[in-house]
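Written out below as structure tokens is the structure these notes cover.
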Amino acid sequence: MDKDVSAPKRLLIIDDDRLSAKITEKKLCKQGYEVVVLNSASIFLESLKQKKPVEYDLILLDVMMPDISGIDALVEIRKHKNNLELPVIMVTSKEESEGIVEALKAGANDYITKPLNLEVALARIRTQLQVKELISLSLQSKQVSTINTMVTTLNHEINNPLAIAIGNLSICKHKPDNARIEKALKALDRITHIVKKIENITETKMEEVEYSDDTNMYKIK
Amino acid sequence: MMFDESKLMSHFDGDKEMITELIEVFDDSYKESLTALKDSLKEEDFKKIELHAHTLKGMIANFFAEDLRVAAYDIEKMGHNSEISGYESQLAVLDEKLPMLITELRSFCG
């Protein structure tokens, strides 16, 4: 189910430094975000492993933590959610350049440094959330387009033989005719054949072609 | 002053009420981290030394007390390099001056 786009974005801060986490939480809440703080990644990772729905739009993840390191937590997160589904911004001290590179290679979307520069943090958070939203809208649009194309395909591929079957059988109601019954049976066979193809459809067996000026259909190979 | 007043006020948008609240969190948190750091120095557990010094450094950085931040960072580097000889002087700085920092911060916020 899609979240209400007007609802405040929900951020998760994972940082063992309670003070820094509290400061970040307060600053982001003032900016209208809903913020949850965890001092260790273990609870969140457990919920991911149990396939529970993720309630956060973005995670701010500290690089260096005692229990599970930020990098290890990130690697685990990326097994379940890619960087478009769940953006992760690493939080690091100025001196940790190696950690930043490692984190970006492991799938972090971006990083910010401590102590938090609010303007920089907000800009990076907003960018990641906007990209996430654009991707989500694009996927929805593609899904609608695919459904429309499939409906056109079904209309074309099934309605034609259906019309042949119905037409011939209607005539046979008044005057039995084996040749017409044969045509109707062939048309029904064709529908059965098309339905079976659709059941086993994969992308590689479909080719999108133009049906009319503003409509496409799938040519089923 | 052990901390940079103008950077502190700028960082918190002049919100002394928020700073006052955070000083109390700092007062609890630093003691926990400093105790853990001392334990890990006694055990010569380099990874823990690096972690606890790193956490302490992060907390201190929020209040722009640069000398104390550098002291914590020096110990963090020692832990990272598995070479802790000479840590005592930096630990003494933290031990002695962190309570003084808290006092100064409280006084600043009135």
| task | Run the numbers on the stretch A:30-135 and let me know its relative contact order in percent, using alpha-carbon pairs under 8 Å that are six or more apart. | result | 25 percent
| note | Length gained, A:E207-A:L162, 0.36 nm per residue minus C-alpha separation, equals 13.9 nm
| field | Förster radius 25 Å - calculated FRET efficiency between B:S85 and B:K42, Cβ distance, rounded to 0.05 | value | 0.95
| said: With just the Cα atoms defining each centre, how far is the stretch A:88-160 from the stretch B:20-71? Give it in Å. | reply: 35 Å
| request: Using only the alpha carbon atoms of the protein assembly as shown, find the Kirkwood hydrodynamic radius as the inverse mean reciprocal pair distance, in angstroms to one decimal. | output: 24.4 Å
| field | Under 16 Å from A:K196, Cα to Cα: lysines that are on another chain or at least 8 residues apart | value | A:K186, A:K205, A:K219, A:K221
| Where does the stretch A:76-221 land on Rg/Rh, using Cα atoms and the Kirkwood Rh? | 1.35
| Cβ-Cβ FRET estimate between A:V101 and B:K16, R0 fixed at 30 Å, reported to 0.05 | 0.20
| field | Gyration tensor (alpha-carbon) shape descriptor, the stretch A:88-127, a/c threshold 1.5 | value | oblate
| said: Taking the 0 to 90 degree range and rounding to the nearest ten, how far is the long axis of helix A:18-30 tilted relative to the main principal axis of chain A, both from C-alpha atoms? | reply: 60 degrees
| note | Surpassing 20 Å at the alpha-carbon level, of the pairs A:K52/A:K142; B:K57/B:K97; B:K7/B:K57, are A:K52/A:K142
| task | Find how much the distance from A:R78 to A:T215 grows on full extension, using 0.36 nm per residue of separation minus their present alpha carbon separation; answer in nm with one decimal. | result | 45.5 nm
| task | Note the direction-averaged projected area, equal to a quarter of the hull surface, for the Cα convex hull of the stretch A:18-71, in nm². | result | 4.1 nm²
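Only the coordinates and a few stated rules stand behind these numbers; no lab work does. On a predicted model such as this, the values are computed, not experimentally measured, just so you know. All Cβ positions, even for glycine, are placed from backbone atoms using ideal geometry, and neighbour counts span all protein chains on display.
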